[in-house]
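Below is one structure; the comments refer to it alone.
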Amino acid sequence: MAAITHTSDHSHDDHHGPLHHQFESIEQQNESYIVGMWTFLVTEVMFFGALFLTYTLYRAMYQHDFFVAHEHLSIPMGAFNTIVLLISSFTMVLAVHFAQLKRARAVIANLWLTIALAGVFLVVKYFEYTSKFADNLYPGPSFTANKAVFEHNGHVPEIDLNHAQIFYGLYFGMTGLHAVHIIVGILVLAALARMWMKGNRLVTEDFVPTELVGLYWHFVDLVWIFLFPLMYLMPKPH
Amino acid sequence: MWSNFPLAPPSASNFAPEYDFIFYTLLALTILFTLIVGIAVTVFTIRYRRGTKVDRSRPIYEDLRLELTWTIIPLILGLIMFFFGARLFIHMKTPPPDAQEIFVIGKQWMWHAQHANGVRENNTLHVPVGRPVKLTMISQDVIHAFYIPAFRVQYHVVPGRYTQMWFTATKAGVYHLFCGMYCGTQHSEMGGKVVAMDPKDWANWIANGGNTVPPMTMEQAGHRLYNRLSCNNCHGAESNLRAPSLYGIYNSKRSFANGGAAIADDTYIRESILRPHNRLTQGYGPTMPAYEGQLSEEDVLNLIAYIRNIGGMANPATPSPTNMQNVPVQSARTNGQNPLSYGAMQFDNPSSDPTPTNRTTNPSVGAIAAEDRGDR
Amino acid sequence: MSATALHPSELPEQPSEPKNYLNVAHTIKSWLLTGDHKRIAILYLFSTGFFFFLGGLAAAVIRYELTSPAGVVLESETYNRVFSAHGIIMVFLFLVVVIPATLGNFLIPLMVGARDLAFPRLNLLSWYLYMAGGTIVLAGMIWGGIDTGWTFYTPYSSMYSNTNVSLVIVGIFLGGFSSITTGINFIVTVHKMRAPGMTWFRLPLFVWSMYATSVVIILGTPVIAITLLLVVFERTFKLPIFSPELGGDPVLFQHLFWFYSHPAVYIMILPAFGVQSELIANFARKRIFGYHFVAFSSIAIAGLGFLVWGHHMFISSQSMYQGVVFSLISFLVAVPSAVKVFNWTATLYKGNIRLQSPMLYALSFIGLFTVGGLTGLFLGSMGTDVHLTNTYFIVAHFHYVMVGGTVTAFLGGLHYWWPKMTGRIYNDGWAKINALIVFMGFNLTFFPQFIAGFLGMPRRYHYYYLMPEVQAYHIMSSAGASFLALGLILPVFYLGASLKNGAKASANPWGAHGLEWETTSPPPTFNFVETPVVTDEVYDFDPVSEYEQERATQEMVHPGTPGLLTKDGELKTGDRE
Amino acid sequence: MSADTQSHEHHIVPVRTYFATLIALMVLMGLTVGVYFIDLPGLGGFLTGTVVNQTVALIIAIIKALLVIMIFMGVKWSTPLTKLWVAAGFVTFSLMFFILVDYGTRREYEPVPAWDKAGESATPRGFPPGSQSVPSNNINLRPRG
């Protein structure tokens, strides 16, 4: 068998070139990155998975209370945020597309567009959170003292505030964790956009780094695709 | 010396025989397979160790038939054991409809049992022999597990939800009761005993409110305690050198060594029991031990009730009235010797005193230390 | 003294020591900022060793305390903190980490013929996460302590414990991410970094088992991370997820906890299986029996391992119907483990077995793991589990698997690869004596606990004055623990001494088979001078011809002894398959 | 080169496809919100209208997720290995929901109806002496109402 010889002539701290010393070829490196990213995303699925499971369980247990509690969330805001995230996914995929075609300016424009949309998402989330905080709807001792905030069409519905507290605990836990992912995404996207603007060979020579960020960003979108109907669009128990 | 090395717990419930059958079958299988592997490893290692002159030709590296054999045989054996185990478990989870129901509450760190007619007990459970008993259990704080090794039953006691378990005791005796699930600081002290009684005795016991004889009045309880603490050794019918007589002391005027005087009311008697040296009666030295921390408030009240009437008893000189004769003197608490011993523990007549003992700071061997922390 | 140590080097001595990963740089910075998987493995070796020492110290205190039914020196508060510290350190900071992070890190790139793991910097990050996590866990144990046991059952951990649960959980959370990054690294390396010719079925079984382990790590660890985080939320914000007072469900915690923690058991034992397969094959000088079965049983264990968590909860008030299903699958998952044991045993048949110290550890592993695995059946069978769970029986069972299995395999692996890692040969005589001490000490420590457990001695009991009849067993156990401790401390000395006085190891001091032995000991920074090309099968030994060669050598030394004869009187060589 | 490397020729997807996907996602989102305002009829048994409504919403969400995974994330054109990982992730994720079987098959001895605070109500004093049964559960997967 013909030996593929490869003398290790890379210098140890040569991290600037696109090919790292441990890889044989750029293809191997790219495939490794993609497998690694998917493995990481699987981890993320399980990470959110435990929360989705907890949510499903308590939702099934306390349907009525969850329904009443959820009516205090703003569907327009949630729907708007969904649209924003879907469009940001689209701009992200365009960025990857143009990275494949090596059209740097289009990539940079789309990356900044994605960041801007993520910013819009966070701003809307900020207003949502502040309105809930104003109503003391965060888990804690003050939560159970204000049944009146659930007033709907002129009368205060029957609700077990402890169970509503579970709903809001999970709401803040899950959307909060999602928001943390958005913030991390913004930082990564910004770093990537900067590298494109500087013409860093690490990203411009190959589209894979851009695609990795894209995979992450789509995953964040994916989580929201499930969070939106589960949190905001709970059907009335009937 | 082999009594120091018991090998199996007593079998005293309807589940125990079936349980032991499955357990020992599994044990036999374990030993069999360990021996097969152990002997094979030893033989091969010795026979094929480096440098021995043996036939090493035609080594085998894969053999589907062999692999399937040792996949399928353990699988079948496993499935058989699964069947027996699951059947026993389902049996354990299906109480018969006529079972006697007892409620059990676990709390940090004691067991509280309540019988259907309202009789309650702490850290003990009295059950009749030969009659199914169903325990409906709940915890007041964290998760506990109600565990009776001799009956081979254990089940978690969960807050917020009832759990149940059932058994039929088959042999009279006193058995261990434990909390199996780690529940905090005094987890290891959250236990006691299960008393399996002859059904007739048990019916008697439950009818008498948890006593083998009709319940005592406070005065009788106080009298028993008076004897048990050996108060009568010093405080006899007549005042003596060591101590004044307590006959007719109640509401009499006492003068003290320090010059003061007071009427011997409840407060004074309580103080004299708990801290006798505070106000010593004139003419006596500080010889009496202080009982502070040794007696519960209930004990003190019982003693006071007895002392109030101590002069009026039928035969004060021999403090062993007839209606007390068949009450065995419960001595476990005061001398620190617990009669609990392995297996055939001696039948421990229940104390008439429903209050658990106070936990001493350094529990010694055998002292059942349980504390009602109802204030949690 | 081992036979191999007699001919220390196949290569002529180099006048000046060649560059290897150890002597390439000596500054502390070169260690702390290294991307080299071998250096990171050494860093892990020291740090896991440190935590193992701390956990062992806690175990010593526990065993001392249990010699008397009413305790010896500690109050119950302290005792509970000590046994929790023992459990948490040993499980989260030692057992889950030790073999993947030390032997796995060191060997996977060598075994697949790569220059490094796929993501060296991620690997270094993983060590820093581990150290940060470990430090925080220790800080939590020092300030406030933790008394929940390693299982953190709610609502005790979330509402009742007055100890520093939150801080410890944050530490475990970080440690979890360290595991995840290691797992991702291994998976990508095994998939994408194999040398030319290194097909999946030429991979050493250690790599197979590490791959299975990594899959379990990346699928399971996030669940425990988020679950423990919910416990912290519950403690901090009184968010009623697990506490029943406000509508939560304490059993949900157990479900989520064991969803990770049962697979975590396989995270601890699967790497040990891998080490074991290497040792058996290389010291029996024979291809492992049923290579494919052993490889696939690792994958089967990893897969089925996710379906049996409920067997920890038979009496926890979970649904009986679900319990039956879990019990059934538990019996199924026992089969792949049994297959492995039988295959190792069969490998010995017609081998040419060298009884050097790593092999002694491997043989004792077979015995201890057999007992540990079979006693698991008592606990997987629902009826028998009722009486045995929460008792010392379960303690003995998982120590047989974890200490008798994982720790023994780790020691065996460490002895086996020590010449590769350090380039030095240790004193094999001491190592053999030590293997014996560990085996005896271990059995004396944990076998009595089976009996104590069957008698009904509950675990996590500080005082057992309620059942003083088990004292004899506790005393035996404590006596055994001192032997075991000796066996765990001795290697530090004789292995340490080998660094100073040991003979220099050749590239392949054991005459073993595998890519890691093709490079120098210790390997250079990029492992191989040239990327190796694999052309032969895995474990390509030939015990017959090996015996013949040894015989021939012996005949030269002692002429006149008869040559190799088979039963049939003919000479047979290379007669395989 | 690793042994099982497949040539990873990246398919360049036209922008048209991406845009069509975005439009489909938008439409599906509109559909989800629309379904929310309609009370779908129940199908009998445990399939009450609520369950039907929620199921429809979840099915739409799954379709949306598949669109994102397949097209935006490019799984449709990726290696079998990637596909395997995606499948493994979601299979394990669904394994976890086996936990719910426990809650669905518990029938007796479920949360104490009057359980409010640890303490008083936990004691079974509220039950008539000798009562043989405890009110059955209200935790199971059957929706209330």
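Any read-out appearing in this document is the output of simple, stated calculations on the displayed coordinates, not a laboratory observation. No experiment lies behind these values; they were computed from the predicted model shown. Neighbour counts are summed over all protein chains in view; Cβ atoms, including those assigned to glycine, are modelled from backbone coordinates with ideal geometry.
A simple charge model with +1 on the Cβ of Lys and Arg, -1 on the Cβ of Asp and Glu and nothing else charged puts the dipole of chain C at about 580 debye relative to its Cα centre. Working note: 222 nm ellipticity from helices only, DSSP H runs with n ≥ 4, each -39,500 (n - 2.57), summed and divided by the residues of the protein assembly as shown, gives -17500 deg cm²/dmol to the nearest 500.
To the nearest Å, what is the center-to-center distance of the range A:125-192 and the range C:240-298, using C-alpha atoms only? Distance between centres, Cα-based: 38 Å. Computed from the C-beta positions of B:Thr217 and B:Gln282, the FRET efficiency with R₀ = 30 Å rounds to 0.35. If a spin label sat at a point 7 angstrom from the Cα of C:Leu355 along the line to its beta carbon, the backbone N atoms of the range C:268-300 nearer than 19 Å would be those of C:279-286. Residues whose amide H comes within less than 5 Å of that of B:Ser139, counting only those at least five positions distant or on another chain, are B:Gly106, B:Val158, B:Gly160, B:Arg161 (H built at 1.01 Å from N in the peptide plane). Checking the a/c ratio against 1.5 first, then a/b against b/c, what shape does the Cα gyration tensor give for chain C? Note, shape of chain C comes out prolate. With 20 Å as the limit, the listed pairs C:Lys286/C:Lys432; A:Lys102/D:Lys64; C:Lys19/C:Lys500; B:Lys53/C:Lys340 have C:Lys286/C:Lys432; A:Lys102/D:Lys64; B:Lys53/C:Lys340 beyond it between alpha carbons. How far apart, in nm, are two points set 7 Å out from the Cα along the Cα-to-Cβ line at C:Leu33 and at C:Gln549? Simple spin-label model gives 4.6 nm for this pair. Sparsely packed loop sites in the range B:180-260 (the GluC sites (Glu not before Pro) outside DSSP H, G, I, E and B with at most 10 other Cβ atoms within 10 Å) comprise B:Glu238. Shown is the FRET efficiency for A:Ser74 and C:Lys19, computed with R0 = 51 Å from the Cβ-Cβ distance and rounded to the nearest 0.05: 0.20. When exposed loop sites are taken as trypsin sites (Lys or Arg not before Pro) in a DSSP loop with at most 12 other Cβ atoms within 10 Å, the longest stretch of chain C clear of them is C:20-566. The charge dipole of the range B:133-265, taken about its Cα centre with unit charges on the Cβ atoms of Lys, Arg (+1), Asp and Glu (-1) only, comes to about 180 debye. Would you work out which of A:His64, A:Val84, A:Asn200 lies farthest towards the positive end of the dipole of chain A? Charges go on Cβ: Lys and Arg +1, Asp and Glu -1. Of the candidates, A:Val84 comes out farthest on the positive side. Can you give the angle from 0 to 90° between the axis of helix C:250-283 and the longest principal axis of chain C, with both taken from C-alpha atoms, to the nearest 10? Orientation of helix C:250-283: about 20 degrees from the principal axis.
This model, with +1 at the C-beta of Lys and Arg and -1 at the C-beta of Asp and Glu, gives the protein assembly as shown a dipole about its Cα centre of some 360 debye.
In the distance distribution for the range B:100-207, Cα-Cα pairs more than 25 Å apart total 13 percent. Distance from the alpha carbon centroid of the range C:390-448 to that of the range C:465-481 works out to 23 angstrom.
At q = 0.17, 0.23 Å⁻¹, what log₁₀ I(q)/I(0) does the range C:368-459 have when each alpha carbon counts as one equal point scatterer in the Debye sum? Debye curve over Cα of the range C:368-459, log10 I(q)/I(0) at q = 0.17, 0.23 Å⁻¹: -0.73, -1.06. Placing unit charges on each Cβ (+1 for Lys and Arg, -1 for Asp and Glu) gives the protein assembly as shown a dipole about its Cα centre, and among C:Leu348, C:Tyr392, D:Phe90 the Cα reaching farthest toward its positive end belongs to C:Tyr392.
Of all DSSP bridge pairs formed entirely within the protein assembly as shown, close to 70 percent run antiparallel.
Apply the a/c threshold of 1.5 to the C-alpha gyration tensor of the protein assembly as shown and tell me whether it is rounded, prolate or oblate. Oblate, since a/c reaches 1.5 and b/c is not below a/b. The trypsin sites (Lys or Arg not before Pro) found in the range B:1-55 that occupy coil by DSSP, while having at most 15 further C-beta atoms within 10 Å, are B:Lys53. Taking Cα atoms, how many degrees apart are the long axis of helix C:392-401 and the longest axis of chain C, rounded to 10 and kept between 0 and 90? Once rounded, one gets 30 degrees. Only beta bridges with both residues in the range B:104-209 are counted; by DSSP, about 70 percent of them are antiparallel. Of the options B:Gln108, A:Thr175, C:Ile329, report the single residue whose Cα projects farthest towards the positive end of the charge dipole of the protein assembly as shown (beta-carbon charges: Lys, Arg +1; Asp, Glu -1). Of B:Gln108, A:Thr175, C:Ile329, it is B:Gln108.
The angle separating the long axis of helix C:76-88 from the principal Cα axis of greatest extent in chain C is about 40 degrees.
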